[in-house]
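Chemist: First the structure, then my questions, so here it is.
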Amino acid sequence: MRAWLNDFGIGVRLAISGGRTSLARFVLSTIGVGLAVAVLLLAASVGPILDARAARELSTAPDMAPIAGVAPTLQVSLPSLADGRRIGMVYLRGTGANSPVPAGIPRLPGPGEMFVSKALAEVMTEPALRDRFTERVVGTIDHQTVRDPQELIAYLGSADLQDSPALRVYSVYKFGFPPQDGRPLEQDALLLLLLGSIAVLIPVFIFLVSSTRIAGIERDRRLSALRLVGCDNRQIRRVAAAEALVSSMSGLVLGAGLFLIGRQLAAKVTLFGASVYPDDIVPVWWMAGLVVLAAPVLAVFAAQFALRRTIIEPLGVVRHSKPTSRRMLWRFAVVISGIVILGWRVNQDATTGPPDSAIWAVTVAAGVTLVLLGVPALLPWLVERSVSRLRGGPTSWQMAVRRLQLDSGTSSRVVSGVAVVLAGAIAMQATFASQADELEITYQYTTSYTRASAYVLQPGMAEAERVLDSSPAVGAWSLTRSVELRIGDRTMLAEVMNCDLATRMRKVPDCVDGKVYREDDIDLSAFPTGSKTTIYVPSFDNSSGMAPAGEWVVPQGIVSIPYRDGPDAYIQAMLLLTPGAIAQLPPIKAAATYTIQLNDSVPAAGDRLRDALSPLSWRAGVTTSESRLYNSQQETYLTIRRGLLIGAVFTLLLAGLSLLVLAVEHIRERKRPLAVLAAGGVPTAVLARSLLWQIAIPITLGVVVAVLLGTVLAVQMMLVMHNPLLIDWVGVTTMAGTAAALVLLVSLLTLPFLRSATRLDSLRTE
Amino acid sequence: MSIGHALLGLLETGPRHGYDLKRVYDERFGHDRPLAYGQVYSTLSRLLRNGLVEERGVEAGGGPERKRYAITDAGVTDVSEWLVTPENPQIYLQSALYTKVVLALMSDRDAEEVLDAQRSAHLASMRELTARKRAGDLTDQLICDHALFHLEADLRWLELTAARLADLAKQVTG
Amino acid sequence: MSEVLLSGTNLGKAFGRTAALDGASMLVHDNEIVAILGPSGSGKSTLLHCLAGIVAPDSGTVAFRGRELGRMTDKERSALRRTEFGFVFQFGQLVPELSCVENVALPLRLGGMRRKDAEVKAKEWMDRIEVGHLLDKRPGEVSGGQSQRVAVARALVTGPKVVFADEPTGALDSFNGEQVMRLLVDTARDTGASIVLVTHEARVAAYSDREVVVRDGKTRQVALAH
């Protein structure tokens, strides 16, 4: 036991003392492990974060079930936008003394008053928001009831909020539900979550392990010095273990520190539209315990595993100069077994239906893990095989290839981290693409703010039209009405719009009021000239949503206009009627829709239009093309997607960092030859390019493996989910491009190190 | 090695009695081989004859041991020339070179110049030996190498001395 | 005397507060072997680095065939070092992942020569430097003396006008050291290259035509000829 402690002591000393290079190595390992630990702790906190967010959301959820004796509070939520930020505007009016108050505010806001979230209070004085509110701020909403620290919410008081059929105004009898176990995720969503978490976490572990093996050659040299003074091989192993332990422990401390600091910063940072309260970021205790255990245990295992291939002899390190070439069989076995498990799952589901979710999740997770582990299993083998056949090429290429022929293991290992993320991302993208297809979520947002529509309740129409006439943000506008024209059971859609807007927006040449226009692809065979149709207009009075409102005769001389393209193209083809052509249309009863061509010479015209209409408060809502609402299922998918994107970004950063550490380490090890080459007139660019190749070759192969396995996984996922296969090749290309960009970035970052290595200092021996 | 030059060098720091000269010489350079009185006086009389030293007063009591000698201008020139004339490179020369270095330091001359001259002479010899070695057969090579290693040892001593000149100067003059 | 090839005049260079060179001057003539001697830390290597254009001196000028190195761009200096100069250092100068012949061919390939041609020429030189049997070995697999000879071959393969050798035998025993020096000097003589040799060993310096002594960053003027 004493001897053991002694060996450990030596290892500890070796790890932390021994000059600048030793210190540099120690610092690099510590940073590497620290980052990995921080990410893992963050991952362990995801559950509590989601729970806390859900609890916050629930605390203000309206309960519409009538409660006897309670005078309800009327509530309408109108999302709005300013400067690209979403503002939740909630109008409230109490109908009695005991009307319920949402959690987080002391009382209902009176007319002309409002309560705002902390984030909104901070940005309210900004020019983009200054003119938006006419109400007076009377207090801040308790942050315990705001889901997101960066969320902009306003509770606005209203004197005249009416339960209007054209608006989703709720009569709320109680706010808030007790926190409950979250609705269990749907199977498909769970699958996505599993796939994503595994894809994100595997690379973190890979990184964790490779960080503790930084500067392997140098370490072996020092261990051989120990052999010289009489350490036996077992002692060497213990010393190596202690050394690995020290950097993993310090990394653990750093990681915990980073986690605590990052936690404080979390509220300030918004990633993919989400930010988190520091108080919510608390790892699940047993997961945190696992992380704390895993870091040192993995480090020690990695150190022992690395020694397996190396014989440390007293005088210098003797390596198996020709390491037994990597076996292929077990590497493929990993992937195949993963595919088999997933395939079996598909069959089982098909024959007996999905079993209870625990078993289902475990088998699917195991399959996914095995397929993804195929990346780190296959990549070193593939790199070794490919590189050993390469000959020739320019000098920089030759240097890189030779280097990889000598030792490709380290680079492949690190690259496999990136490749796992990539494979997972490709599988997820494909899964998302088909899910999105099914849920009809389009990711193509129109970012042009050239168009807007305003939804205005009837009592506000006169004022709204005044505003539209006078606001500089408006280029052209029209009251637009969608009507159905029916003959028997045949229906034709028509849109009523004035010439001003039709000319600008639909490119109608020589528009004359009273005329009717048609699109080329419209089929009018069932509506011959002179036939009499019944007009149906939207109505809130009956369940079908449409009510008859007079008759319309198909006129002569319908003018063809070109087929629409651009953002409107997804609207189905219809007739375009100018108001004069359908004068018999009854006036609007409940709410009007105005379509507005924004004045593109006014900056942020959409926001200015919202400002101008703000005096109408709840009676008017403005939609620009980018604002849309999702249903809860869509919302779930988007949330998962967002979370996984955040995870993927973190992991890619980690991978990039470990590539950088590897390259820097490589430069440090060959400082002298590099300096001599530079002294002899070899341009730094050649050396830089050789470093680039050295990273790029394994990355390229990594991308190949990733695309391959990612696609395999995607196919499997589709089968498990019974969705049509839809691979998003654009997404795949983007991902591969991101990996390539990472290589470039890392290579760029190594340049300063290369410069300093090729400076004279490295040549000085005195 | 020339005792005459050594005595001249010692006289450069000030006139001395013959006995005094012997004592200082023995102390600094004699080590296990002290000078005989006779050798001192015969050398001094030769120097006197050549005009390199002169008598500077006799103290009461008479006798040759009571004479004081001083260096002449001609003597100073002679010492200077001697100092920068490298010794013929040969083995075991350090005693002569050492004497020169100490005397150069004592008389505030540039002792490094002494060493430079010697190094130059040594290297010249070594070049010749190297050239002979490269042209010759194995016997020549071995013989030349032997000489080369000895000369190299001298030079090593020389470099070591050069590195310690400041310390030596303190000891000699202090 | 023959033409002056390389001259350094009044060179000064400080690293931080320590002055490595403080008014050093020296000339290198055509086809001449000059040894730079001096104790450790005297500035020998820095003088060599300045002359070779690896380091820019803080003061003074270095000129190769009358062209001032300080007035060249970094690119021009690199090209000059690649084509007109060769380098041999004490140790660790071969790229460990390239084979010996690839190491020797490296300067040729960077000069734009095709791989085949470069390796043929490199092989010729390795034969000449008596390491022709090591072509496909990696630097890690050959002895110190052998790898130093490979380095000599690499320094000479481009037919440089000046070879800068900084303690080329510093890591070798006398026998291997002598061999490396013999090969270096013989081939330099044959090709008409000059050598600037930094060493602290007299026996190595004895391969030179003349020596320059550096002490405390200054070159010493040796008073006597013989």
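The values are calculated or read from the model by the stated rules, or taken from the named source; none is laboratory data. Note that the structure is predicted; figures quoted are calculated from it, not measured. For neighbour counting, all protein chains shown are included, and Cβ atoms are generated from backbone atoms with ideal geometry for every residue, glycine included. SASA here: full protein model, heavy atoms, side chains in, ligands and nucleic acids out. Shrake-Rupley method; radii C 1.70, N 1.55, O 1.52, S 1.80 Å.
Chemist: According to a simple spin-label model (label point 7 Å from Cα along Cα-to-Cβ), what is the distance in nm between residue B:45 and residue C:114?
Modeler: Reported label-point gap for residue C:114 and residue B:45 is 9.2 nm.
Chemist: Hey, another quick one. How big a patch of accessible area, both sides summed and in Å² to the nearest 100, lies buried between C and B at a 1.4 Å probe? Before the final figure, lay out the partial values.
Modeler: On the way: alone 11070 and 9850 Å², together 18980 Å².
By this definition, chains C and B bury close to 1900 Å².
Chemist: Counting protein heavy atoms only and a 1.4 angstrom probe, how many square angstrom of accessible surface do chains C and A bury in total, to the nearest 100? Display every interim value, and only then the final one.
Modeler: Working: alone 11070 and 36750 Å², together 45150 Å².
The summed interface area works out to 2700 Å².
Chemist: May I pose another question? Over all residues in C:171-184, what is the mean tally of Cβ atoms on other chains that come within 10 Å of each residue's Cβ?
Modeler: Values: counts 1, 0, 0, 4, 0, 0, 0, 6, 0, 0, 2, 3, 0, 0.
Mean partner-chain Cβ count within 10 Å for C:171-184: 1.
Chemist: Out of residues 5 or more away from residue A:82 or on other chains, whose amide H comes under 5 Å of its own, with H placed 1.01 Å from N in the peptide plane?
Modeler: Close amide H contacts, sequence-distant or interchain: A:87.
Chemist: Given the stretch A:1-124, what whole percent of its Cα pairs are spread farther than 19 Å?
Modeler: Details: 5439 of 7626 pairs.
When all Cα pairs of the stretch A:1-124 are counted, 71 percent exceed 19 Å.
Chemist: Something else: Treating only the Cβ of Lys, Arg, Asp and Glu as charged (+1, +1, -1, -1), what charge dipole size does the stretch A:62-175 show about its Cα centre? Round to the nearest 20 debye.
Modeler: Working: 11 positive and 12 negative charges, 23 e Å.
The calculated dipole for the stretch A:62-175 is roughly 100 debye.
Chemist: Restricting attention to the alpha-carbon atoms of the stretch A:451-623, what are Rg (one decimal) and Dmax (integer), both in Å?
Modeler: Just the Cα atoms of the stretch A:451-623 yield Rg and Dmax of 16.6, 49 Å.
Chemist: Evaluate E = 1/(1 + (r/R0)^6) for residue A:260 and residue A:297, where r is the Cβ-Cβ distance and R0 equals 30 Å; express this FRET efficiency to the nearest 0.05.
Modeler: Numbers: r = 23 Å, r/R0 = 0.76.
Once rounded, the FRET efficiency stands at 0.85.
Chemist: Taking the Cβ of residue A:613 as the centre, find all other residues whose Cβ is under 15 Å away and add up their charges (Lys, Arg: +1; Asp, Glu: -1).
Modeler: Overall, the nearby charge balance is -2.
Chemist: Which far-off residues, 5 or more places away or on another chain, put their amide H under 5 Å from the one on residue C:37, with H placed in the peptide plane?
Modeler: It is C:212, C:213, C:214, by chain and number.
Chemist: Given R₀ = 35 Å, what would the calculated FRET efficiency be for residue A:520 paired with residue A:541, taking r from the Cβ atoms and rounding to 0.05? The partial results should precede the final answer.
Modeler: Values: r = 36 Å, r/R0 = 1.03.
Calculated value: 0.45.
Chemist: Size of the dipole of the stretch C:1-107 about the Cα centre, Lys and Arg at +1 and Asp and Glu at -1 on the beta carbon, nothing else charged, in debye to 20?
Modeler: Rounded to the nearest 20 debye, it is 260 debye.
Chemist: Moving on. Taking Rh as the Kirkwood radius computed over C-alpha pairs, what is the Stokes-Einstein D of the stretch A:62-175 at 25 °C in a medium of viscosity 0.890 mPa s, expressed in µm² per second? Show your work: numbers first, answer last.
Modeler: On the way: Rh = 14.4 Å.
Using the Kirkwood radius from Cα pairs, D works out to 170 µm²/s.
Chemist: Can you pull the mean other chain C-beta count within 10 Å for peptide C:158-164? Walk me through the intermediate numbers first.
Modeler: Details: counts 2, 0, 2, 0, 0, 0, 2.
Across C:158-164, the average partner-chain Cβ count within 10 Å equals 1.
Chemist: Additional query: Please list, in chain and number order, the residues 5+ apart from residue A:549 or on another chain whose amide H is under 5 Å from its amide H, with Hs placed from the backbone.
Modeler: A:535, A:536, A:537
Chemist: Also, quick follow-up: Report Rg(Cα)/(2.2 N^0.38 Å) for chain B, keeping two decimals. Please report the intermediate quantities before stating the final value.
Modeler: On the way: Rg = 19.0 Å, N = 174, 2.2 N^0.38 = 15.6 Å.
The value comes to 1.21.
Chemist: Return the sequence-ordered ³J(HN,Hα) values of the stretch A:578-586 in whole Hz as given by the Karplus equation 6.51 cos²θ - 1.76 cosθ + 1.60 applied to θ = phi - 60°, using x for Gly and Pro.
Modeler: Taking θ as phi minus 60°, the curve returns 7, x, x, 7, 9, 4, 6, 4, x Hz for the stretch A:578-586.
Chemist: Around residue A:547, with a cut-off of 15 angstrom between Cβ atoms, what is the net charge of the other residues, counting Lys and Arg +1 and Asp and Glu -1? Could you put the intermediate results ahead of the total?
Modeler: Values: positive: A:481, A:486, A:589; negative: A:484, A:541, A:551.
With Lys, Arg at +1 and Asp, Glu at -1, the neighbours total 0.
Chemist: If you put +1 on each Lys and Arg Cβ and -1 on each Asp and Glu Cβ, how big is the dipole of chain B around its Cα centre, in Debye rounded to 20? Show your work: numbers first, answer last.
Modeler: Values: 21 positive and 26 negative charges, 80 e Å.
Dipole magnitude for chain B comes out near 380 debye.
Chemist: Measuring from centroid to centroid over Cα atoms, what is the spacing of the stretch A:64-110 and the stretch C:2-26 in Å?
Modeler: 84 Å
Chemist: Also, quick follow-up: Per residue of C:75-88, count partner chain C-beta atoms within 10 Å of its C-beta, then hand back the mean as an integer.
Modeler: Working: counts 3, 0, 1, 8, 2, 1, 5, 4, 1, 1, 3, 2, 6, 2.
Average neighbour count from other chains, rounded to a whole number: 3.
Chemist: I've got another one for you. Report the antiparallel proportion of the DSSP beta bridges in the stretch C:101-226 as a percent, rounded to a multiple of 5. Provide the component values of the computation, followed by the final result.
Modeler: On the way: 3 of 8 bridges.
So the antiparallel bridges amount to about 40 percent of the total.
Chemist: Rounded, prolate or oblate, given the Cα gyration tensor of chain C, with a/c below 1.5 counting as rounded? Spell out each step's value before the answer.
Modeler: Details: a/c = 1.78, a/b = 1.46, b/c = 1.22.
Cα axes put chain C in the prolate bin.
Chemist: Another question, then. Report the label-to-label distance for residue A:406 and residue C:83 in nanometres (one decimal), using points 7 Å from each Cα along the Cα→Cβ vector.
Modeler: About 3.0 nm, to one decimal.
Chemist: What are the ³J(HN,Hα) couplings of the stretch B:97-112, residue after residue, when phi is run through the Karplus curve with 6.51, -1.76, 1.60 and θ = phi - 60°? Round to Hz, x for glycine and proline.
Modeler: So the J values, rounded to whole Hz, are 5, 4, 4, 4, 5, 5, 5, 4, 5, 4, 9, 6, 8, 7, 5, 5.
Chemist: What is the gain in length, in nm to one decimal, between residue C:10 and residue C:136 on full extension, counting 0.36 nm per residue of separation less the C-alpha to C-alpha distance?
Modeler: Values: separation 126, 0.36 × 126 = 45.36 nm, distance 4.52 nm.
Between residue C:10 and residue C:136, full extension yields an extra 40.8 nm.
Chemist: Which one, B:70, B:37, B:120, is farthest towards the positive end of the dipole of chain B when Lys and Arg carry +1 and Asp and Glu -1 on their Cβ?
Modeler: Comparing the listed Cα positions along the dipole, B:37 ranks first.
Chemist: Same structure, new question: Quick check on the stretch A:62-175: of the DSSP beta bridges with both residues there, what percent are antiparallel, nearest 5%?
Modeler: Details: 18 of 28 bridges.
Antiparallel bridges make up about 65 percent of those DSSP assigns within the stretch A:62-175.
Chemist: Extending each Cα 7 Å along its Cβ direction at residue A:600 and residue A:503, get the distance between those two points in nm, one decimal.
Modeler: Inter-label distance under the simple model: 1.8 nm.
Chemist: For the stretch C:113-118, just list the computed ³J(HN,Hα) in residue order, Karplus coefficients 6.51, -1.76 and 1.60, θ = phi - 60°, integers in Hz, with x standing in for Gly and Pro.
Modeler: 6, 5, 4, 4, 4, 4
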